[in-house]
Structures are given as C-alpha cells and as structure tokens.
Amino acid sequence: MKLKCDFHLHTGSDLYDRISYSDREIIDLACHKGYDVLSITNHGVVTFSEELRDYAGERGILLIPGIELLVEGKHVLLINARAEHQSIRDFRDLREAKDEHLLIIAPHPFFPKTTCLNGRFMQNRTLFDAVEFSHFYHRLVNYNRKAERICRDYGIPLVGSSDTHMLRQFDRTSTIVDAERSISSIVQAVRAGRTEVVTKPLTLWQMVRIWYGFARLS
C-alpha cells in the first residue's frame, strides 16, 4: 500500500509551544487532505490515548504515538514512542532505548538553530533510522540539501514532514511509505527506505509568514 504520512506534528497538547489548534483538529484536517498515517510529536510528551487513536481510526487515519525529545540540547523524533521515552536526555540513553519497534528520526538536522543536530548528527549517525526533509525551504534557501546529500552518501532513508505548529504549514511536505497499514510494517518500511518525499518549495512570503508565526509561538 502507498500510505500518505506525516511523522512530525505539534498540537495544543505541546508542553513548550503555544499552539492554537487541538489534537482532533489536526486529525480532522489530515482526513480532509487524504492522509493515512500521522504521528503527533509534541515536545517532551507522548500525546496518545486509546480515545485519540480511535478518533483518528474512525477517520481512516492510523495514529502512531510519537515525541520530539531534547537530547543533550538537540531535537530528536521518536516514532512509536512510549511514555518511558519521555525521560531520555542524552544520546547514551537514546542508544539504549533503540529497538526494532522504534523509529528514530533526525528532524531538520542541518538548519541554523541551536536545537538542530548539525555536527552531532554525524557523531551519532548510526542511531538514526531516517532523516527529515523539512517543509521550510525555498528554491534559493534550502537547508535540506545537506540532509539529501548525506542520505545519498550513507544510504539513510529520507522522510518528508511538515513540522506543523500552524495549520497553514500542514500538507506542505509529506512522505509516501510503501507498507501495510500497521505500525510495525510502517517502521520497517521506513528503515528499508521504501519512502518517497512529496514536497514543493515555499515562496519567500510564505517563509516570512511561517518564521514570524514561529517567533510568536515560542
């Protein structure tokens, strides 16, 4: 199956960013946009419950528990995360948590921000199952290029994500995963590189609006 996925989303349940929409609102929007799979990856907390899973399922969406962690000051995405992963604070603990059921993604790794991995990515390269191609780029300003090159050189899968904090960001970039409609199948398919990034560049005006919006949220 070709599944339309977004593995990087934030909602009003986030502990750190002031986000105006709810978990259910992003699920409703994803349903309208034809998504099959979502992972809500709020900062520092696994936003997931049976009720939320069922709400998504009724709308044709497989909801995978996720989290965006701050690991030694750097952002890391965990997909199919569990509550105990919320306590991970360093790369040693992350390496100990790594198993076949968990997908570890490097989000926007080479963007010019202190919380982005940058040099720490290569130091911990073997930890990561995939690298994110972020929606936030213009054809003349694109920090994803280094991620594309490293993925090509080292055979690391590339996934596209929206990193949605504002609804106007959603569906700018996504991933098509060739997998069965189950969490384990999706995790293994991403690891195997059965992914296709679907994306289009922002205009400069769109970038400015999103950047300004981020400044107001943090």
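Using only side-chain charges placed at the Cβ, +1 for Lys and Arg and -1 for Asp and Glu, the dipole size of the chain relative to its Cα centre rounds to 1000 debye.
Taking amide H positions as modeled 1.01 Å from N, with prolines and chain starts lacking one, the residues under 5 Å from VAL71 and 5 or more places away or on another chain are VAL76. Given a cut-off of under 8 Å on Cα pairs at least six residues apart, what relative contact order in percent is computed for region 63-113? Relative contact order comes out at 35 percent.
For the chain, relative contact order (Cα pairs under 8 Å, six or more residues apart, normalised by length) works out to 20 percent. The P(r) of region 57-175 has a tail past 23 Å containing 30 percent of all C-alpha pairs. In sequence order, region 179-192 has phi-based couplings of 7, 6, 7, 8, 4, 4, 5, 5, 4, 5, 5, 5, 4, 7 Hz under the Karplus curve 6.51 cos²θ - 1.76 cosθ + 1.60, θ = phi - 60°, and Gly or Pro positions carry x.
In loop segments of region 1-55 as defined by DSSP, the trypsin sites (Lys or Arg not before Pro) with at most 13 further C-beta atoms inside 10 Å of their C-beta are ARG18, LYS33. Available extension along the chain between TRP205 and ASP28 is 61.0 nm, counting 0.36 nm per residue and deducting the alpha carbon span. Rounded to whole numbers, the Karplus 3J(HN,Hα) couplings from phi for region 41-55 are 10, 5, 5, x, 8, 8, 8, 7, 7, 4, 4, 5, 4, 5, 4 Hz, using 6.51 cos²θ - 1.76 cosθ + 1.60 with θ = phi - 60°, and x at Gly and Pro. Restricting the GluC sites (Glu not before Pro) of region 43-127 to loop positions (DSSP other than H, G, I, E, B) with no more than 16 neighbouring Cβ atoms within 10 Å leaves GLU72, GLU100. With 24 Å as the limit, write out which pairs from LYS2/LYS113; LYS98/LYS200; LYS4/LYS113; LYS4/LYS74; LYS4/LYS200; LYS2/LYS98 have Cα-Cα distances beyond it, or answer none. With Cα atoms farther than 24 Å apart: LYS2/LYS113; LYS98/LYS200; LYS4/LYS113; LYS4/LYS74; LYS2/LYS98.
Along each principal axis, taking the top coordinate minus the bottom one, the Cα set of region 150-198 gives 31, 29, 15 Å in descending order.
Karplus-based coupling profile of region 70-75, in residue order and whole Hz: 9, 10, 6, x, 10, 6, with θ = phi - 60° in 6.51 cos²θ - 1.76 cosθ + 1.60 and x standing for Gly or Pro. The Rg/Rh ratio of region 2-217, with Rg taken over Cα atoms and Rh as the Kirkwood radius over Cα pairs, comes to 0.92. Under a 5 Å amide H cut-off, with hydrogens placed 1.01 Å from N, THR47 pairs with ASN42, GLY66 among residues at least 5 apart or on other chains.
Coordinate-derived values only; no laboratory data. Computed from a predicted model, the values in this text were never measured in an experiment. With ideal geometry, Cβ positions are generated from the backbone for all residues, glycine too; neighbour counts draw on all protein chains shown.
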